1. Grab the Cα-Cα distance for residue 34 and residue 9, subtract it from 0.36 nm times how many residues apart they are, and report the gain in nm with one decimal.
2. Relative contact order for region 116-174: what is it in percent, counting Cα pairs under 8 Å that are at least 6 residues apart?
Amino acid sequence: MTMTEPTPAERKQLRAALQGALKELGDRLYRDLTADSPDDEQEELDLSRPEAPLSGLTACRYAVEELEALANRYARTAGARGANYAELGSAWGISRQAARKRWPGAVNVLSERANREPVHFKMYGGEARVSFHPDEGGWWWIGTAANGQVQELDGDHLDTSEEAAAAAGAFLAANTTR
């Protein structure tokens, strides 16, 4: 699969859309920085003050964090749907090796394609279920321990069924009724 680059016109359009999306947040941050009181509403932004570009810079930082999260999700989803590291790297403009380093485990779940059926197991007097979530590109677990406590994976999915089963097993072991 060969990725095509956006045209200069498409990049210009993207830049304008990003600037528009960030302007509202940057303006609010600027008002917060320069207001004498919380109710102080300014009609016009004084762009000669350093707070104006600093507020824009802060908005960009949040945008970068959100874009990184989206890129990670797209990479893992692509890997779960059959993309390899060379394709992920091509899409991001990096080498296959750099893609493997950037998104470890994104493609490893592909090797488990034949075994993506949910697994139910009992141990330490409790039980757990491990299942694959293709939209997230990873594994998830939920368990009911012997002491009646119920817990599930908190946070991002896991890269392999073994990691999910180990986490579920650790939860079951820590919550026995002894």
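1. On the way: separation 25, 0.36 × 25 = 9.00 nm, distance 3.60 nm.
Length gained between residue 34 and residue 9: 5.4 nm.
2. Details: 112 pairs, mean separation 19.3, N = 59.
Taking the mean separation of contacting Cα pairs over the length of region 116-174, I get 33 percent.
A short reminder: the numbers here are calculations on the coordinates, not readings from a lab. The model shown is predicted, which means the values in this text are computed figures rather than measured ones.
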